[in-house]
Amino acid sequence: MNFKKLIRHFPELAHLPADEQQQLLTRAYQDAFSSDNRMRNWRSNFIAALLMTSLCFLFVLVIRPALGMSQQTSAILLMIIAFPAYLVVQQQRVIQQIRISLQKFLP
């Protein structure tokens, strides 16, 4: 985990020293992704993947023919829009999970 990139998402830690920030983020990360939360995380990832897959199928089977797009154009659009959108949503979800865990450890 790259703490320098991750710390910018948590402005509530800005007033603390760097080593304490890293320690708190480590504890929050371990709490958010502990074995106690494994099923919740797995279920959330599975639902997000199913939702993304169903939206892509909807696009390919319904929207693409309605717009008269070629297969190559629709594939490029999916790679340029759908996959990065999925990654951004997953990143925001992970940051939110860490933020919830971080609230337990902040003084």
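The values are calculated or read from the model by the stated rules, or taken from the named source; none is laboratory data. Computed from a predicted model, the values in this text were never measured in an experiment. FYI the Cβ positions are ideal-geometry reconstructions off the backbone, even for glycines, and counts take in every protein chain you see. In case anyone asks, the SASA skips ligands and DNA or RNA and just uses the protein heavy atoms, side chains included. Shrake-Rupley method; radii C 1.70, N 1.55, O 1.52, S 1.80 Å.
Using a probe of 1.4 angstrom, how much of the accessible area of the chain is carbon and sulfur, in percent? Numbers along the way, then the final one.
Working: 4970 of 7640 Å².
Exposed carbon and sulfur together represent 65 percent of the surface.
Distance between the modelled labels on LEU78 and SER34, one decimal in nanometres: 4.0 nm (7 Å Cα→Cβ projection).
Computed from Cα positions, the angle between helix 38-58 and the longest principal axis of the chain comes to roughly 20 degrees. Principal-axis analysis of the Cα atoms of the chain puts helix 83-105 at an angle of about 20° to the longest axis.
Under the rule of -39500 (n - 2.57) per DSSP H run of 4 or more residues, summed and divided by the residues of the chain, what mean residue ellipticity at 222 nm is obtained, to the nearest 500 deg cm²/dmol? Display every interim value, and only then the final one.
Working: 6 runs with 74 residues, N = 107.
About -21500 deg cm²/dmol.
Ranked from largest, the principal axis spans of the Cα set of region 5-60 equal 50, 26, 13 Å.
So what is the relative contact order for the chain, in percent, with contacts set as C-alpha pairs under 8 Å and at least six apart?
Values: 36 pairs, mean separation 50.2, N = 107.
It rounds to 47 percent for the chain.
Calculated translational diffusion coefficient of region 15-93 (20 °C, 1.002 mPa s; Stokes-Einstein with Kirkwood radius over alpha-carbon pairs) equals 139 µm²/s.
What residue among ALA48, ALA18, ALA32 has the largest mean-square fluctuation in a Gaussian network model of the chain, using Cα springs under 10 Å? Answer for the Gaussian network model of the chain: ALA18.
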